[in-house]
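Report on one structure; see the data block that follows.
The values are calculated or read from the model by the stated rules, or taken from the named source; none is laboratory data. The structure presented is a predicted model; accordingly, all values stated were derived computationally and were not measured. FYI the Cβ positions are ideal-geometry reconstructions off the backbone, even for glycines, and counts take in every protein chain you see. Ligands, DNA and RNA are excluded from the accessible area calculation, which covers all protein heavy atoms including side chains. Shrake-Rupley method; radii C 1.70, N 1.55, O 1.52, S 1.80 Å.
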Amino acid sequence: MKKRLFSIASLMLVGLLAQAQEVKFEEYDLDNGLHVILHQDNTAPVVTTAVMYDVGGKDLGGNNNPERTGFAHFFEHLLFEGTENIDRGQWFKIVSSNGGSNNANTSNDRTYYYEVFPSNNLELGLWMESERMLHPVINQIGVDTQSEVVKEEKRQRYDNQPYGQLLFVVSENIFKKHPYKNKNIGEMEHLDAATLDEFKAYFKKYYVPNNATLVVAGDIDVAKTKKMIKDYFGSIPRGKDVVRNFPKEDPITEQFNVKFEDSNIQIPAIVAAYRTPGFTTRDARILDMISTYLSGGKSSKLYKRLVEDKKMALAVQAVNFSQKDYGTYALFSLPIGENSLEDLLVEMDDEIKKLQTDLISERDYQKLQNKFENNFVNSNSSVQGIANSLARYNVMYGDTNLINTEIDIFRSITREEIREVANKYLKSNQRLLLEYVPAEKTEKK
C-alpha cells in the first residue's frame, strides 16, 4: 500500500509540473551594454524592477588590495543613501509612500537590488534604479553613516551570534589564494582605512550598465516599458569592461585540522569541509542532490541516523555552499550527552562511505527527484521569484533560459553519477576538519 501511495504522489507531481507554464521572457542589450530582460504577467497589478550587478565580496577595493575587503556589501548599503535627485534618507520613504517595497542583498559573486510596486508605478521603479546607477551621491557623510550600520550588522549577525564565525573560519581555511577566503561583510578596519576616492573608484568600476542586468517582471506593456527603459537608462555611459583574473587554488591532498574557540557557544561542533566546483557545473548540482539526500528533512539519512535513531546529535547538516568559481561542501553536527566530536565524525563518514560504495535506492532517488521538481515549481510561483531567477541565471550562469531548463539537468542525473561524485569530492584526504569549540573561561583571581 505504501509503495502504491508513493507512486500516486509521484504521478500527481508529474501532473502539476505538466501544468506549470514555461516562463516566457524577452532579452536584449542597450547600446551602453545594459542587458534587459522583460517578463510579462498581467494576472495581478504588480511589477518588480530589479538590477543585478556582477560584483560581490570577491571583488576587492583599492585595485584588488587584499586590505580592502567588504566593498560590495558596503555598497549594498551605501547606494540607498541618495542621489542627485533623491535626497539623503528619502529612498525608503519614496518607495513605501507609493505602495511599494524594496530590498537588496550581496553574495560573494553578485549584488541584487529590487523594488516591488503596483504596476502603475513602474516608471518610478525604473527611475529610481537609473538614479542609483547614474549619479548616486557618494560622500563622506554617507560613508561614515553606513560604516556604523555595517559595524552594527556585523556585531549582531556574526560577532555576538552563536556559531556566527563558523562559515568565516571554514572559508578562510578552505581557500588559500582565492578571495573567497575573505568575509563577504569585510573587515571593519579595511572599511575604516579606505578613502572616499577608493569608494568612488569602486563604484565607477563595477556599477556600470555593461556590468549589470535589468529585469522588469509583472503587469507591463512591453512596448511602453522598452521606451521607458531607453529613456531612463539609455544615456548612462558605458564603463570599462570588468576583467578578473583570480588565482587558482591548489588541490587539497591531505586532511588538515583546525580548532577555533567561540565565546558565544556552550556546545562544540564538528565540521568536515571539502572544496568543490562552482555552481555552473553538473557536479555542483549533483552535490546539491547529495546534501538533500543526507540532511534534507527528518527522513534524510544523517538526521534519521544521528538525531532520531541513535540520539547522538542535537543537529546534523550537509550543505553545498555553491559559488561561481568554487564551492564548499560541509558536514556539520552538534553532539548530545557523552558523545564526542569524533563519534559524530565516524557516523557521518560512514554515511558518506555508503554513498561512495552503493547506489542509493530507487525509492530514495525518486524522492530526491520529487523534491527538486517541487523546488523548481515553487521558485517560479511568484513574479518576484521569477525576476530574481531571470537575473541570477543571466548574470551568474550566462544562460537566462535555465529558468526553464535547469530542472532537466537535475532530472537527467543518475544514481551512478551520485556515487561517482561522492567518490570524487568527498574523500577524507581532501578536506578541512574543524573543531569549533567553546572558548575556555579564564578564572578570576
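Taken over the stretch 356-389, the criterion of being of a type in the set (Phe, Trp, Tyr) and either open to solvent by 50 Å² or more (accessible area, probe 1.4 Å) or under 13 Å from residue 403 (Cα atoms) (or both) is satisfied by 376 alone. Listed by first and then second residue, the pairs with beta-carbon distance under 8 Å, at least 6 apart or on different chains, first residue in the stretch 125-147 and in contact (Cβ under 8 Å) with a residue 12 or more places away in the chain and under 13 Å from residue 81 (Cα atoms), second assigned to a loop (DSSP other than H, G, I, E, B) and hydrophobic (A, V, I, L, M, F, W, C), are 128/86; 131/86; 132/79; 133/208; 133/236; 136/79.
Return the total of residues in the stretch 92-114 being part of a strand (DSSP E or B) and farther than 17 Å from residue 392 by Cβ. Total meeting the criteria: 2.
The conditions of being in a loop (DSSP other than H, G, I, E, B) and of a type in the set (D, E, K, R) are met by residue 176. Taken over the stretch 322-354, residues that are crowded, with 18+ Cβ neighbours inside 10 Å and among the β-branched types (Val, Ile, Thr) amount to 2.
When 377, 346, 383 are screened for being β-branched (Val, Ile, Thr) and under 24 Å from residue 316 (Cβ atoms), only 346 passes. So in the stretch 201-252, with the set limited to residues that are assigned to a loop (DSSP other than H, G, I, E, B), charged (D, E, K, R) and within 22 Å of residue 399 (Cα to Cα), which one is least open to solvent (accessible area, probe 1.4 Å)? Per the criteria, the residue is 244.
Looking at the stretch 363-392, which of its residues are aromatic (Phe, Trp, Tyr) and either at pLDDT below 95 or under 19 Å from the mean Cα position of the chain (by Cα) (or both)?
Here is the first cut: in the stretch 363-392, the residues aromatic (Phe, Trp, Tyr) are 365, 372, 376.
Correct list: 372, 376.
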